[in-house]
1. Of the conditions (1) part of a helix (DSSP H, G or I); (2) loosely packed, with under 13 Cβ neighbours inside 10 Å, residue 270 satisfies every one except a single condition; which number is it?
2. How many of the residues making up the stretch 99-138 are touching a residue at least 60 places away in the same chain (Cβ under 8 Å), out of contact with any Pro (no Cβ under 8 Å at 6 or more places or on another chain) and either more than 22 Å from residue 280 (Cα to Cα) or surrounded by fewer than 21 Cβ atoms within 10 Å (Cβ to Cβ) (or both)?
3. With the structure loaded, tell me whether residue 190 is surrounded by fewer than 20 Cβ atoms within 10 Å (Cβ to Cβ) and either under 22 Å from residue 328 (Cβ atoms) or at pLDDT 95 or above (or both) or whether it fails that test.
4. What is the number of the single condition among (1) modelled with pLDDT under 95; (2) in contact with a helix residue (DSSP H, G or I) (Cβ under 7 Å, 6 or more places away or on another chain) that residue 55 does not meet?
5. Could you give every pair whose Cβ atoms fall below 8 Å, whose first residue belongs to the stretch 340-361 and is basic (Lys, Arg), and whose second residue is surrounded by 16 or more Cβ atoms within 10 Å (Cβ to Cβ), counting only separations of at least 6 or pairs across chains?
6. Identify all residues within the stretch 210-232 that are in a helix (DSSP H, G or I), surrounded by fewer than 22 Cβ atoms within 10 Å (Cβ to Cβ) and either of a type in the set (A, V, I, L, M) or in contact with a His (Cβ under 8 Å, 6 or more places away or on another chain) (or both); write none if there are none.
7. Considering only the stretch 17-33, I want to know if a residue exists there that is surrounded by fewer than 19 Cβ atoms within 10 Å (Cβ to Cβ) and under 26 Å from the mean Cα position of the chain (by Cα).
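The values are calculated or read from the model by the stated rules, or taken from the named source; none is laboratory data. Everything quoted here is computed from the prediction, not taken from an experiment. Here the Cβ positions follow ideal geometry from the backbone for every residue, glycine too, while neighbour counts run over all protein chains shown.
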Amino acid sequence: MKFVDEFRDNQKAQYLQRAIHELAAQLEPTLSRPLQIMEFCGGHTHTIFRYGIEQMLPKSIEMVHGPGCPVCVLPMGRVDDCVTLAERPEVIFTTFGDAMRVPGSRKSLLQARADGADVRMVYSPMDALTLARKHPEREVVFFALGFETTMPSTALTVLQAEREGIKNFSLFCNHITTAPTIKAVLDEPDLMLDGFLAPGHVAMVIGLQPFEFIARDYHKPLVITGFEPLDILQSLWMVLKQFTENRCVVENQYARVVQPTGNQAGLQAIHNVFETREFFELRGLGSIDHSGVSMRANYTPYDAERKFAMPNLTVTDPKDCQCGAVIKGLIKPWECQIFGKKCNPENPMGALMVSSEGACAAYYNHGYTGKAA
């Protein structure tokens with residue numbers, strides 16, 4: 001298939017739906033509870049809700065919406081650090097749009113901008129570097145966040161700044177590594193996950209090998225998955241097929257994009273600029289070993305955390321916000337006591353309601369407000 005409408009073909013979707021129901025019927029006599037399959041990536045969550053995929057599945061399959069939205073796992077304390085940087089008079093603070101409204105303990109970046117801070121939305125780190133060229137008298141800070149999908153573009157921008165000798169550009173680095181985050185989810189004692197749909201865009205960069213521990217050590221089938229509705233349905237069928245055949249491996253549904261060894265040029269850029277942090281805090285998951293990256297010592301001039309005085313405070317979420325439990329898959333968004341009430345897209349209390357890929361926003365915007373929905 002070559003065109004996007006081919007990945008949304010109704011007849012093919014119905015065929016895959018029937019195939020999924022047939023495999024589920026084979027498994028149901030052996031099940032004591034629904035099979036829980038986590039789609040780790042927020043892009044998958046968006047597709048599932050937009051196309052009503054959950055409503056196409058048998059009751060023996062339950063989708064669990066994981067923490068694969070980088071904005072959603074951003075700790076409140078790191079947002080406070082962003083605001084502190086943005087409020088410095090010499091700084092132009094640049095960020096992707098979905099991070100503008102994430103609440104900190106004092107304010108969001110959008111509120112800081114309203115209060116006079118020079119906060120600008122960009123579409124890529126190269127846009128931030130262009131601002132640094134245009135404003136040599138100002139310090140331009142780029143809010144670098146995302147899983148391995150966005151790391152290469154950030155790293156290549158730093159390398160470009162170094163080649164050009166641009167000294168007024170730096171990163172506030174909040175990039176996250178995927179495998180340790182999935183491991184933290186798997187180690188959650190209250191979860192009963194049975195399989196995974198893994199993020200295709202991450203795998204495009206890092207390849208298949210980093211996911212193999214999930215099948216090998218945790219005995220959970222995993223399928224690297226694309227982002228169109230037929231991708232999701234085919235991947236669910238592949239996971240169920242592994243169950244019926246008593247297999248447990250990493251499979252690649254997204255082979256049209258993902259190579260088994262990943263993107264070597266991107267991986268080299270990541271390796272050149274970044275190193276693994278000893279630990280990094282994620283919202284709802286706490287401090288996780290090796291779950292983030294920082295800049296290598298030879299790139300200190302481009303590291304905002306070293307260039308500026310940073311408070312680096314740990315701030316707890318509001319007590320009535322249950323983003324952490326939703327991220328872990330312990331509750332559905334509508335089970336949070338403030339979902340759709342105090343917390344809604346106009347007044348988000350937590351990051352999951354801010355991001356377009358957040359589970360709470362997906363539930364709210366598509367009208368899923370309870371089990372009967």
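1. Only one criterion is unmet by residue 270, namely (2).
2. So the count comes out to 1.
3. Details: surrounded by fewer than 20 Cβ atoms within 10 Å (Cβ to Cβ): yes; either under 22 Å from residue 328 (Cβ atoms) or at pLDDT 95 or above (or both): yes.
So residue 190 passes the test.
4. (2)
5. Taking only residues 6 or more apart or on different chains, the pairs are 342/349.
6. Within the stretch 210-232, 215, 230 qualify.
7. no
Yes or no, residue by residue, for (1) surrounded by fewer than 20 Cβ atoms within 10 Å (Cβ to Cβ); (2) modelled with pLDDT under 95; (3) under 30 Å from residue 36 (Cβ atoms):
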residue	(1), (2), (3)
262	yes, no, yes
265	yes, no, no
292	no, yes, yes
303	yes, no, no
309	yes, yes, no
315	yes, yes, no
320	yes, yes, yes
335	yes, yes, yes
